[in-house]
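What follows is calculated from the coordinates using simple rules that are stated; it is not laboratory data. Computed from a predicted structure; not experimentally measured. Virtual Cβ from ideal backbone geometry, glycine too; neighbours counted across all protein chains shown.
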Amino acid sequence: MNISTRSLAQNQARIRARVWTIGLLFPVLVFFPIVLQAVGFRLPNQDPEGIARGNAFAATADNPSAIYYNPAGITQLEGQQFRAGIYLISADSEYTSPSGVKAETDASFQAVPQMYYVNSLKNLPLSFGLGVYAPYGLALDWGTHAPFRTLAEKGELLYATVNPVVAWRVFPTLSLAVGPTINYSQVEFKRGIGFVANDLFIVKGDGWDYGFNAGLLWKPHRMWSFGLNYRYATEIDYSGHSETSPAAPFPPYYPSTRTQASLRFPQFVAAGISFRPTENWNLEFDLDWTDWDSLNKTVFRGTPFHGTPFGDPVFVWNYTSSFMYNFGITRQLGKGYFATVGYIYSENSSPDKDFNPIVPDSDLHLGSLGFGHHGQRWDWAVGYTLAYNSGRDVKSDINPLANGTYRTLNNAVNLAVTYKF
C-alpha cells in the first residue's frame, strides 16, 4: 500500500468513526439546545433517581445511569439493561438594572434525552456499558431589548458525549471502572454591536475532543458504601464562521468570515458516602467539585486572511472553582416502589468583576423529589427539581452594563424507563 492509498484509507476510517459517533449522538442533537443557568454550564442532572436524591448518587449508582454518576456502579447490575430518559427544564432568569430596567429570559420548557446500556457478564467479574448524554449545555435568550445586549443577547451550547466504559469487580466489596469519552460540541453566540437597533455579531462553530471518566465503588459493610467519580477535562477547538447582521454592503458591516475559538470544559470529581441503617432506607451525601479555575477566556480568531469583523474579540470567563453539596434520602415502600427527596447547594463560579449575563451563575438552592418502581423486567422513575436564587447583586463588573440584580427560578422534570433483557 503506497502512502497516498494509506492516507486515503486512514481518512475514510476517521470519517466512518465520526459518522458512527454522530449516529449515536443523534437523539441528543435532535433536542438541541439544552438549557442550563447554574453551576456554570455543567449539566449534572442525568437521571431521575439521581436528580431526586439531589444528585447524591456516586455511592449508590445502582442503575445504568451509573455510567455518568459512577461507572464502577454498573457491576451491581445483572444481565443486560437499557435505560432511556428525558430531562425537561424551564429556566427563568430575571434581571433588574440599577435604574430599574428589567429583562427576562425565555422560560419555555426544553428537553434533552439520556440513554444508557449495560451488560454484566455471568462468568466473569466484568461489566460493560455505553452512555449517550450531555454533561454540559447552555441555551439562553435575553431578547433584543435587554440593556446589556452589546455584552450578550443569546447563547447556545451543545456538548454531547458517547461514553463506553468497562467495570471490574476486583473483590466482592470493591469495583473499579474507566472509559473514554467521545465529545462533540456546537456553539452559537450573539451580541449586539450598537450601531443601529437590533444589529448583531454572530459566531457559530463546532468541534470534537476526547477524554475519559473513571469510578470507584467500595462497600465494606452492608450499611456503608463509598463512591468516587472523576471526569477528565476536555478542550473543544471550534471551527466555524462569524458574521454581522445587517450584512455587507452596509458599512461598517462585513461578510461572513471563517472563525476559530477554543473552550475548555473543566475536570470534576464527586465523592459520596451512603448509609443504609435498614434495607428500606438509603441516606447519601456527595461533595462535587468542578475545576472552573481552568476556564479563563475564549478568543474568537479569524483564520489566516479571514479575520472577524472586530479583530479577535475576547470573551472573558475568569471562573473560580466551586462545590456542589448534595444530599438525598430514598425510602423503599414495598412491592418495588420507592420515594426519594434531595437537596443541593450549588456555589457560584462567576466573579462579579467578569460576570457576563450569558451565564447568570449564582449560588443556588435546589430541592427535589421523586417516585418510581423497580420490577423484574421494567423499572421506571420520575423526578422533579426546583432551583431558586432570590437575587444576586452584581456591582463591580468591569463592564457596568452587566451590573444589576439577577434572579433565578428553574423547574425541571426527568423521566426514565429501564428494560432488563
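Expressed in nm to one decimal, what extension gain is obtained for the pair Thr96 and Trp168 from 0.36 nm per residue of sequence separation less their Cα-Cα distance?
Values: separation 72, 0.36 × 72 = 25.92 nm, distance 5.27 nm.
Once the chain is fully extended between Thr96 and Trp168, it gains 20.7 nm.
Could you list which residues have their amide H under 5 Å from that of Phe57, counting only those 5 or more apart in sequence or on another chain, with H placed in the peptide plane?
none
Charges at C-beta only: +1 for Lys and Arg, -1 for Asp and Glu. How large is the resulting dipole of the chain about its Cα centre, in Debye rounded to 20?
Numbers: 31 positive and 33 negative charges, 243 e Å.
Charge dipole, the chain, about its Cα centre: 1160 debye, nearest 20.
How big is the range 130-201 on each of its three principal axes, counting only the C-alpha atoms and giving the largest first in Å?
Ordered largest first, the range 130-201 gives principal extents of 67, 20, 13 Å.
Got the relative contact order for the chain handy, in percent, Cα pairs under 8 Å and 6 or more residues apart? It would help to have the intermediate numbers written out before the result.
Working: 1273 pairs, mean separation 75.8, N = 421.
Relative CO of the chain lands at 18 percent.
What lysines could a cross-link reach from Lys190, if we take a straight Cα to Cα line under 19 Å and drop same-chain neighbours fewer than 8 places away?
Within the straight-line limit of under 19 Å, Lys190 reaches these lysines: Lys154, Lys204, Lys297.
Enter the Cα centre distance for the pair the range 140-156 and the range 78-115, rounded to the nearest angstrom.
Centre-to-centre distance over Cα atoms comes out at 17 Å.
Relative contact order for the range 130-254: what percent, with Cα pairs under 8 Å and sequence separation of 6 or more? It would help to have the intermediate numbers written out before the result.
Numbers: 280 pairs, mean separation 25.1, N = 125.
Computed over the range 130-254, the figure is 20 percent.
Taking all pairs of different Cα atoms in the range 174-301, averaging 1/r and flipping that mean, what Kirkwood radius in angstroms comes out?
On the way: mean 1/r = 0.0545 Å⁻¹.
When all Cα pairs of the range 174-301 are included, the Kirkwood radius is 18.3 Å.
Quick one: 3J(HN,Hα) in Hz for the range 222-233, Karplus 6.51/-1.76/1.60 with θ = phi - 60°, rounded, Gly and Pro as x.
4, 8, 10, 9, 10, x, 9, 10, 10, 10, 6, 5
What list of ³J(HN,Hα) couplings, whole Hz, do you get for the range 128-139 from phi and the Karplus terms 6.51, -1.76, 1.60, once you set θ to phi - 60° and write x for glycine and proline?
Residue by residue, the range 128-139 yields 10, x, 9, x, 10, 7, 10, x, 9, x, 7, 8 Hz.
Before anything else, pin down the relative contact order of the range 326-382: Cα pairs under 8 Å, at least 6 apart, normalised by residue count, whole percent. Each step should come with its number before you reach the end.
Values: 87 pairs, mean separation 18.9, N = 57.
Across the range 326-382, relative contact order equals 33 percent.
Let me understand the range 279-421 better: what is its radius of gyration from the alpha carbons, and its Dmax, in angstrom?
21.3, 68
Separation between the Asp352 and Lys122 pseudo-spin-labels, each 7 Å from Cα along Cα→Cβ, expressed in nm?
6.5 nm
Report the label-to-label distance for Tyr210 and Phe226 in nanometres (one decimal), using points 7 Å from each Cα along the Cα→Cβ vector.
According to this spin-label approximation, the distance is 3.3 nm.
Put +1 on the Cβ of every Lys and Arg and -1 on every Asp and Glu Cβ in the range 349-396; which of Pro360, Gln376, Asn389 then has its Cα farthest towards the positive end of the dipole?
Comparing the listed Cα positions along the dipole, Gln376 ranks first.
Using the Karplus curve 6.51 cos²θ - 1.76 cosθ + 1.60 with θ = phi - 60°, work out ³J(HN,Hα) for each residue of the range 196-211 in order, rounded to whole Hz, and write x for Gly and Pro.
9, 4, 6, 6, 9, 10, 10, 10, 9, x, 8, x, 10, 7, 10, x
In the chain, once you exclude exposed trypsin sites (Lys or Arg not before Pro) (DSSP loop, at most 15 other Cβ within 10 angstrom), what's the longest stretch remaining?
On the way: sites that count: Lys122, Arg222, Lys335, Arg377, Lys395.
So the longest stretch without any such site is 1-121.
Kirkwood hydrodynamic radius, the range 70-171, all distinct C-alpha pairs: what's the number in Å? The partial results should precede the final answer.
Details: mean 1/r = 0.0591 Å⁻¹.
Taking every pair of different Cα atoms in the range 70-171, averaging 1/r and inverting gives 16.9 Å.
Between the helical axis of 3-30 and the dominant principal axis of the chain, each derived from Cα atoms, what acute angle in degrees is found, rounded to the nearest 10?
With rounding to tens, the tilt is 80 degrees.
If each residue of separation counts as 0.36 nm, what is the full-extension length gain between Tyr325 and Trp281 once their alpha-carbon separation is subtracted?
Working: separation 44, 0.36 × 44 = 15.84 nm, distance 2.02 nm.
So the extension gain works out to 13.8 nm.
Under 5 Å between amide H atoms, partner at least 5 residues away or on a different chain: which partners does Leu295 have, H built in plane at 1.01 Å?
Amide H neighbours of Leu295, under 5 Å, 5+ apart: Tyr319.
Whats the longest run of the chain with zero GluC sites (Glu not before Pro) that are DSSP loop and have at most 13 other Cβ atoms within 10 Å? Don't skip to the answer; put the middle values down first.
Details: sites that count: Glu78, Glu279.
Formally, the longest exposed-site-free interval is 79-278.
All other residues with a Cβ under 14 Å from the Cβ of Asp141 taken together, and with Lys, Arg as +1 and Asp, Glu as -1, what is their net charge? Could the numbers behind the result be given before it?
On the way: positive: Arg149, Lys154, Lys190, Arg191; negative: Asp92, Glu94, Glu104, Asp106, Glu153, Glu156, Glu188.
Residues close to Asp141 contribute a combined charge of -3.
Return the single residue from Gly215, Gly192, Gly227 with maximal mean-square fluctuation; model: Gaussian network over the chain, springs between Cα atoms under 10 Å.
In this elastic network of the chain, the residue with the biggest mean-square fluctuation among Gly215, Gly192, Gly227 is Gly192.
Which value, to two decimals, describes the C-alpha radius of gyration of the range 296-379 once divided by 2.2 N^0.38 Å?
On the way: Rg = 22.3 Å, N = 84, 2.2 N^0.38 = 11.8 Å.
Against the compact-globule rule of thumb, the ratio is 1.88.
Among the lysines, which have Cα under 16 Å from the Cα of Lys420 when same-chain residues fewer than 8 positions away are ignored?
Candidates past the 8-residue exclusion: Lys122.
Helix-only mean residue ellipticity at 222 nm, the chain, DSSP H runs n ≥ 4 weighted -39,500 (n - 2.57), per residue, nearest 500. What is it? All intermediate terms of the calculation are to be shown ahead of the outcome.
Working: 3 runs with 37 residues, N = 421.
One gets -2500 deg cm²/dmol as the mean residue ellipticity at 222 nm.
Just Ser127, Ser242, Ser256 to compare: in a GNM of the chain, with alpha carbon springs under 10 Å, which one fluctuates most?
Ser256
Report the full-extension gain for the segment Ser396 to Gln80: residue separation times 0.36 nm, less the Cα-Cα distance, to one decimal in nm. If you can, show how the numbers build up before the last one.
Working: separation 316, 0.36 × 316 = 113.76 nm, distance 5.43 nm.
Full extension from Ser396 to Gln80 adds 108.3 nm.
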